[in-house]
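The structure appears below as structure tokens.
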Amino acid sequence: MYDVTIIGSGPAGLGAALYLQRAGFRVLIIEKEYEGAGQVEKGVRIENYLGIPAISGYELGEKFRNHVLSYGAPFLEAEAVALRHKQHWEVLLADGKTIESEALIYAAGAVPRRLGVKGEAEYLGRGVSYCAFCDGSLYRQKTVAVVGGGDAALDDALYLSNICGKVFLVHRRKQFRGAYTTLKKIIKRENIEILTEIQITEICGRKKVEQVELNNGNRLKIDGLFIAIGSIPETEAARGFVQLDESGYIRAAENGVTQSEGLFAAGDVRTKKLRQVITAVADGANAATSATEWLRHKLEQEGK
Ligand SMILES: Cc1cc2nc3c(=O)[nH]c(=O)nc-3n(C[C@H](O)[C@H](O)[C@H](O)COP(=O)(O)OP(=O)(O)OC[C@H]3O[C@@H](n4cnc5c(N)ncnc54)[C@H](O)[C@@H]3O)c2cc1C
């Protein structure tokens, strides 16, 4: 029986583990990937984590994990498939085993939604990106395309237009779902060209992205493609114990408190404005602090 089980060893889960270990709690971290450190490992080059000017995502993930390991936190390589709550929280694992703890931090993250076209996987990190804030600066004065029609795509196009020479905004529908105020700014930007009712059918190049093919038979010559069609939060295992927002993220504020007593959500999996390493780590620390207060209060009430 643990004090706190953490599901997910991405930046949020590891941030939470660090705070809880240091506070003297018995913690178990469950992670489904072998020595995984979350999406951060997929970042070719991380340049926006304060204090570390540039590092590969894999190396940063390793640093996070080793920092937590130095406090002796145990990791369990397993997939959490469901939760149960009786007197304590129980995490049901894919191999049929169950882990018990007083509190739970759910930090299972999210995965970027794929466009599903030829060349997407092949050119990931070589011109294809799912994060304008992460990789935009690599395309200074270059030509890029953003694909999508929601707030993320509009924000990305606007952000990139400050860095890049030219930005194509490609959307498969006629109308954008994102905020009209942002769209108005985009229309005024001279270096953004909007292409509606158009789909990208293939990403091509030699060693890196050089162009995309469109379903109208045309091609766009670009240096980078930013796919901004949303992400899929990993909420399945928490089903029934959390409320989800309209996009499927767990409704929880910065303190991580959910609708279920003793269950806290942290990182990309929760409703938030900015999904980045720095905000995930901060979420982990906040959720750990909430869990600490909740556990101390519970122990006091039980006279322990
Ligand atoms: C390609 C790419 C590049 C990026 N570049 C940057 C960048 O340059 N700068 C930046 O700040 N951010 C970047 N990001 C975003 C950043 O990586 C995320 O915001 C951050 O990793 C979120 O952390 P998290 O811990 O909330 O979730 P995640 O990193 O998604 O970690 C969640 C972990 O939970 C595990 N998990 C999920 N479900 C289960 C389950 N059922 N049982 C057990 N384990 C489970 C997953 O395997 C994963 O390891 C990038 C993201 C991507 C995809």
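Quick notes on this structure:
- Long-range HN-HN contacts of VAL81 with modeled amide H, under 5 Å: LEU92, LEU93, ALA94
- Close amide H contacts of TYR123 (hydrogens built in the peptide plane, cut-off under 5 Å, sequence separation of 5 or more or a different chain): none are found.
- Gaussian network model of the chain, springs between alpha carbon atoms under 10 Å - residue of PRO74, PRO53, PRO233 with greatest fluctuation: PRO53
- Student exercise, the chain dipole from Lys, Arg, Asp, Glu Cβ charges, in Debye to nearest 20: 1100 debye
- Shape call, region 133-287: gyration tensor on alpha carbons, a/c limit 1.5: prolate
- Per residue accessible area in Å² of region 151-282, where ligands, DNA and RNA are left out and the probe is 1.4 Å: 54 Å²
- Farthest toward positive dipole pole in region 23-166 [+1 Lys/Arg, -1 Asp/Glu at C-beta], among CYS131, ALA82, VAL27: CYS131
- Under a 5 Å amide H cut-off, with hydrogens placed 1.01 Å from N, THR201 pairs with GLU213, LEU214, ASN215 among residues at least 5 apart or on other chains.
- Label point distance in nm, THR196-ILE163, each placed 7 Å from Cα along Cα→Cβ: 2.7 nm
- Taking a straight Cα-Cα cut-off under 20 Å and skipping sequence neighbours fewer than 8 places away in the same chain, the aspartates and glutamates within cross-link reach of LYS207 are GLU120, GLU122, ASP135, ASP223.
- Free-standing Cys residues across the chain, given no other cysteine C-beta under 4.7 angstrom: CYS164, CYS204
- GLU41 - accessible surface, heavy atoms, 1.4 Å probe, Å² rounded to 10: 50 Å²
- Of all accessible heavy-atom area on region 107-195, the percent that carbon and sulfur account for (1.4 Å): 49 percent
- Heavy-atom accessible area per residue - region 1-100, 1.4 Å, Å²: 52 Å²
- Computed from backbone phi, the HN-Hα couplings of region 168-183 come to 8, 10, 10, 9, 6, 9, 7, 9, 8, 8, x, 4, 5, 4, 6, 4 Hz, rounded to whole numbers (Karplus: 6.51 cos²θ - 1.76 cosθ + 1.60, θ = phi - 60°; Gly and Pro given as x).
- Helix 57-69 axis, angle to the chain major axis (alpha carbon atoms, nearest 10°): 10 degrees
- Axis of helix 277-301 versus longest Cα principal axis of the chain: the two differ by about 20°, to the nearest ten degrees.
- Remark: relative contact order (the chain) = 21 percent; criterion is Cα-Cα distance under 8 angstrom and separation of 6 or more residues.
- Where TYR249, TYR34 fall by accessible area, highest first, once all protein chains stay in place (1.4 Å): TYR34, TYR249
- FRET E, pair ARG126, TYR180, Förster distance 45 Å, beta-carbon r, rounded to 0.05: 0.85
- With every protein chain in place and a 1.4 angstrom probe, the accessible-area ranking of ASP155, ASP95, ASP283, largest first, reads ASP95, ASP155, ASP283.
- Loop sites in region 201-240: trypsin sites (Lys or Arg not before Pro), DSSP, at most 13 other Cβ within 10 Å: ARG206, LYS207, LYS208, ARG239
- A straight Cα-to-Cα reach below 28 Å connects LYS208 with the lysines LYS42, LYS118, LYS142, LYS166, LYS221, residues fewer than 8 places away in its own chain not being considered.
- The listed residues VAL91, VAL257 rank as VAL257, VAL91 when sorted by accessible area, largest first, using a 1.4 Å probe.
The values are calculated or read from the model by the stated rules, or taken from the named source; none is laboratory data. Since the model is a prediction, treat every value here as computed from it, not as a measurement. A quick note on method: Cβ atoms are made from the backbone with ideal geometry, for glycine too, and the neighbour counts reach across all protein chains shown. Calculation scope for accessible area: heavy atoms of the full protein, side chains included, ligands and nucleic acids excluded. Shrake-Rupley method; radii C 1.70, N 1.55, O 1.52, S 1.80 Å.
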